[in-house]
1. Can you run down the residue pairs with Cβ atoms below 7 Å, 6 or more apart or on separate chains, where the first is in segment 47-59 and outside the structural domain of V36 (by TED's automatic domain parsing) and free of Cβ contacts under 8 Å to residues at least 40 places away in the same chain and the partner is outside any strand (DSSP E or B) and crowded, with 18+ Cβ neighbours inside 10 Å?
2. Here are P222, P250, P215: which of them is under 24 Å from E142 (Cβ atoms), of a type outside the set (D, E, K, R) and at pLDDT below 85?
3. Of these, S155, S116, S147, which one is surrounded by 11 or more Cβ atoms within 10 Å (Cβ to Cβ) and out of contact with any helix residue (DSSP H, G or I) (no Cβ under 6 Å at 6 or more places or on another chain)?
4. Counting only residues that are surrounded by 10 or more Cβ atoms within 10 Å (Cβ to Cβ) and over 25 Å from S69 (Cβ atoms), which one in segment 1-20 is modelled with the highest pLDDT?
5. Going by what's in this entry, would A107 be described as aliphatic (A, V, I, L, M) and part of a strand (DSSP E or B)?
6. Restricting to segment 134-144, count the residues that are exposed (fewer than 14 other Cβ atoms within 10 Å of the Cβ) and in a helix (DSSP H, G or I).
7. Looking at I12, I35 in this structure, which one is closer than 23 Å to R122 by Cβ and not assigned by TED's automatic domain parsing to the domain that holds V106?
Amino acid sequence: MTLTQVGNKAKIAKRVVDIFEFIDDEGREVTVMDIVRRYDWPQSSTSELLASLVDLGLLYKNPLSRTYSLSQRAAMLGSGFQPAIVRDGRLTHLIDQLVVQTGLTVATFGIVGIRSQIFSWRSRTGNPSSGALSNLYGGVQERLTGSAAGWLLLSTIAQPRRDGLIRRLLADQEGENKPTFADMASRVSACQARGYAHGPVGCGSTAEVMALLLPGQPERHPLAIGFVYEPSLQIDQAALLQCLQEAVEPYIQAGDSRPIPFPHPTRPTYSEPELKAV
């Protein structure tokens with residue numbers, strides 16, 4: 001296999017993930033042109049890729065509206081290996097509740113290598129991201145030292161690996177606003193003590209994030225959830241944090257041990273057949 005072939009396959013794989021994240025972010029069925037406009041892809045190759053995903057059972061196509069949506073197969077892939085809060089749908093329900101309750105955008109964040117990534121991005125249906133949020137969506141990445149969510153995720157890493165990672169990230173950072181190691185280490189330590197973080201969301205945006213760690217996640221795969229919003233909204237940070245904490249608590253207090261209720265099947269009734277004398 002040539003390097004060109006490897007590169008093409010990697011590009012296709014990334015486009016598949018982009019399509020899944022776009023449909024999930026939008027929370028609705030999308031058209032070919034929705035995807036083409038979002039990513040500036042050729043229409044013909046995008047249509048071919050969507051058709052392949054339909055054939056694989058990963059997307060549904062509405063033959064009347066010619067729109068696409070994620071299938072149950074796509075939703076269930078990998079679910080068996082996830083923590084219970086993800087596997088049993090509690091996290092999705094929590095995100096939906098926070099969006100409806102506040103009208104703000106809610107995102108989840110995780111670590112990918114030495115970067116933080118927006119794992120999910122949810123805003124009110126029909127309210128597309130604009131302004132400071134226009135370039136933010138599921139899959140976007142930022143160095144861990146470049147966002148408040150990243151500081152929070154860094155705080156879960158044990159010493160001395162954490163300090164080594166901070167030094168490495170700062171060594172690669174340029175610009176007048178580059179923090180010192182002592183300043184960054186202090187920010188991360190504060191996040192560890194509090195369990196939450198507030199500050200820039202990063203990713204080239206001026207938006208802010210109020211993020212909270214979700215307890216009980218795998219040691220090497222921490223997960224944070226938070227509100228992302230325009231600084232111009234002048235939101236009461238203390239009230240926003242309280243809203244987040246009060247909403248999260250019922251979903252995580254039982255941990256992975258909470259059983260999922262299901263009805264016991266009714267035992268069928270029957271009568272013994274009569275034995276006839278021969």
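The values are calculated or read from the model by the stated rules, or taken from the named source; none is laboratory data. Because the structure is a prediction, the values reported are computed rather than measured. Cβ atoms come from the backbone with ideal geometry, glycine included; neighbour counts cover every protein chain shown.
1. Short answer, once both residue conditions are applied: none.
2. Values: P222 fails: at pLDDT below 85; P250 fails: under 24 Å from E142 (Cβ atoms).
Checking each option against the conditions leaves just P215.
3. Working: S155 fails: out of contact with any helix residue (DSSP H, G or I) (no Cβ under 6 Å at 6 or more places or on another chain); S116 fails: out of contact with any helix residue (DSSP H, G or I) (no Cβ under 6 Å at 6 or more places or on another chain).
S147 is the lone residue from the list that is surrounded by 11 or more Cβ atoms within 10 Å (Cβ to Cβ) and out of contact with any helix residue (DSSP H, G or I) (no Cβ under 6 Å at 6 or more places or on another chain).
4. Among residues in segment 1-20 that are surrounded by 10 or more Cβ atoms within 10 Å (Cβ to Cβ) and over 25 Å from S69 (Cβ atoms), the one modelled with the highest pLDDT is A10.
5. Numbers: aliphatic (A, V, I, L, M): yes; part of a strand (DSSP E or B): yes.
Considered against the rule, which asks whether it is aliphatic (A, V, I, L, M) and part of a strand (DSSP E or B), A107 comes out as yes.
6. Applying the first criterion (exposed (fewer than 14 other Cβ atoms within 10 Å of the Cβ)) to segment 134-144 yields 134-135.
Add one more test, that the residue is in a helix (DSSP H, G or I), and what stays is none.
Residues meeting the conditions: 0.
7. On the way: I12 fails: closer than 23 Å to R122 by Cβ.
None of the other options fit; the residue is I35.
Yes/no matrix, rows are residues, columns are (1) touching a helix residue (DSSP H, G or I) at 6+ places or on another chain (Cβ under 6 Å); (2) at pLDDT below 90; (3) surrounded by fewer than 11 Cβ atoms within 10 Å (Cβ to Cβ); (4) not basic (K, R):
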site	(1), (2), (3), (4)
G27	no, yes, no, yes
T31	no, no, no, yes
V36	yes, no, no, yes
L50	no, no, no, yes
L64	no, no, yes, yes
